[in-house]
Amino acid sequence: MIYPKLASHDTPLNRFYLAGYLYTNRFLKSIDSTNTFWNDCGLIQKPITDLESNRFKKIIADEIYPQDVLRQNKNNNELFLPLSGWVKPKDLCKHLLDHSKIQLHLNKPLKKLESLGNQSWKVYSNESIEEFSHVILCQAYDSGLADTFLDLPRKAIRGQVSSLPLNEDVLLDKVICHEGYVSPPIDEKGIKHLHFGSTYSLNDTDENVRFTDHQKNLQKLEKLIPNQNWQNKANDCAGRVSFRCTAPDYTPIVGPIFEQETLNECYAKLSKNAKWKSDKTAQPLSGLFINICHGSKGLVSTPLSACYLTSLILNEASPFERQIERALHPARFTIRRLKRR
């Protein structure tokens, strides 16, 4: 599902997600104008708690967003996001990789990165040693290579999504989000399927699809589309398990990678005076970048984040303001640790 969690007040992170949300919609329109693997059918967001209901009311009352971005749904307690919808990630990736200048090498885990200086990196895998001018690590929570240079705290949150073939019509033409989500029925090989979910399990490394999680997802579906006796259809569900990669501050980590020792030396005075300021700037490792921790909003945040990294590599104007760059910066955790000392 493509949708941001828009705030009721202005922050750099909210501006980041708003910009990413608008960019993703335009980007998908430009590469798939016939809605082959995506659809901006719109999304209805229902409040989960009274606190969230009050936040929705404040968003509407303060007119923070234009009507074509967010507006009140027919039910006064709900938000409607007309630019939202659904996308098939596998088909999207397949489309993007179908390019004459992209080479895809699967099942080739990277073992080591070695800097050769002058923006050149030697990359070791099980099969070969290759050299590249730039390397971007997009390994989600399994980014051990980055940890050899910089300590990046992150965690994996297990999620199971469910799909269900339909034998009868379900009147649903928009995505609905509450405690869970469901998309309108999507045709797959002539059969309509509902896609819904998802579970949210901390400290859970089980990669297997679980029947009990289908039952949990069906409980959420009952609140989204009531009076359909969904619980009796758990045996008909198929599913997939993936792991969201999140940072402690639930903000993506996007930007250049630094050496931990370099940061510690350059900003050591922060451990004695948290308000210390200097014109001195630590230099990142030339040609090495990272793009991880997008959590459950990756379809909104990753396309524009890729544009940001492109601007750094090509030394072009950034699509982000400086406050957003700092919010995403990989060195932010080191700076915070030094200040806490």
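The values are calculated or read from the model by the stated rules, or taken from the named source; none is laboratory data. Here the structure is a predicted model, which is why all the values come from computation and not from measurement. FYI the Cβ positions are ideal-geometry reconstructions off the backbone, even for glycines, and counts take in every protein chain you see. Note: accessible area is taken over every heavy atom of the protein model, side chains too, but ligands, DNA and RNA are not part of it. Shrake-Rupley method; radii C 1.70, N 1.55, O 1.52, S 1.80 Å.
What residue, of Leu18, Leu83, is among the aliphatic types (A, V, I, L, M) and part of a loop (DSSP other than H, G, I, E, B)?
Sole residue among the options that is among the aliphatic types (A, V, I, L, M) and part of a loop (DSSP other than H, G, I, E, B): Leu83.
If you scan the stretch 31-46, which residues turn out to be part of a loop (DSSP other than H, G, I, E, B), under 23 Å from His178 (Cα atoms) and open to solvent by 20 Å² or more (accessible area, probe 1.4 Å)?
Matches in the stretch 31-46: Asp40, Cys41, Lys46.
Mind checking which strands (runs of 3 or more DSSP E) fall wholly inside the stretch 172-286 and carry at least 1 residues that are of a type in the set (Val, Ile, Thr) and crowded, with 19+ Cβ neighbours inside 10 Å?
175-177, 238-246, 253-256
Would you mind telling me which numbered condition in (1) modelled with pLDDT under 95; (2) touching a Phe, Trp or Tyr at 6+ places or on another chain (Cβ under 9 Å); (3) open to solvent by less than 30 Å² (accessible area, probe 1.4 Å); (4) assigned to a helix (DSSP H, G or I) Leu28 fails?
(1)
Considering every residue within the stretch 186-202, establish whether at least one is in contact (Cβ under 8 Å) with a residue 12 or more places away in the chain, more than 25 Å from Gly298 (Cα to Cα) and not charged (D, E, K, R).
Yes, because at least one residue in the stretch 186-202 is in contact (Cβ under 8 Å) with a residue 12 or more places away in the chain, more than 25 Å from Gly298 (Cα to Cα) and not charged (D, E, K, R).
For a quick check of your reading of the model, give me the residue pairs whose first member lies in the stretch 56-73 and is more than 15 Å from Gln45 (Cβ to Cβ) and of a type outside the set (A, V, I, L, M, F, W, C), whose second is in a loop (DSSP other than H, G, I, E, B) and open to solvent by 80 Å² or more (accessible area, probe 1.4 Å), with beta-carbon atoms closer than 9 Å and at least 6 apart or on different chains.
Close Cβ pairs (under 9 Å, with a partner that is in a loop (DSSP other than H, G, I, E, B) and open to solvent by 80 Å² or more (accessible area, probe 1.4 Å)) amount to Asp62/His9.
Looking only at the stretch 160-171, filter to residues that are within 21 Å of Ile44 (Cβ to Cβ) and out of contact with any helix residue (DSSP H, G or I) (no Cβ under 8 Å at 6 or more places or on another chain); which one of those is surrounded by the most Cβ atoms within 10 Å (Cβ to Cβ)?
For the stretch 160-171, the residue satisfying everything is Ser163.
Could you run through the stretch 305-335 and say how many residues are within 18 Å of Asn14 (Cα to Cα), part of a helix (DSSP H, G or I) and of a type in the set (Phe, Trp, Tyr)?
Final tally of qualifying residues: 1.
Give the residue, chosen from Thr49, Thr11, that is hydroxyl-bearing (Ser, Thr, Tyr) and either surrounded by 12 or more Cβ atoms within 10 Å (Cβ to Cβ) or touching a strand residue (DSSP E or B) at 6+ places or on another chain (Cβ under 9 Å) (or both).
Thr11
Just for the stretch 76-103: of the residues that are over 22 Å from the mean Cα position of the chain (by Cα) and without any contact (Cβ under 8 Å) to a residue 24 or more places away in the chain, which one is nearest to Thr34 (Cα to Cα)?
Selected residue: Asp98.
All but one of (1) closer than 27 Å to Phe37 by Cβ; (2) out of contact with any strand residue (DSSP E or B) (no Cβ under 7 Å at 6 or more places or on another chain); (3) among the small types (Gly, Ala, Ser) hold for Ala61, so report the exception by its number.
Here Ala61 clears every test but (1).
I'd like the full set of residues that are touching a Phe, Trp or Tyr at 6+ places or on another chain (Cβ under 8 Å), open to solvent by less than 20 Å² (accessible area, probe 1.4 Å) and not β-branched (Val, Ile, Thr), limited to the stretch 294-313.
Hits for the stretch 294-313 are Ser301, Leu304, Tyr308, Leu309.
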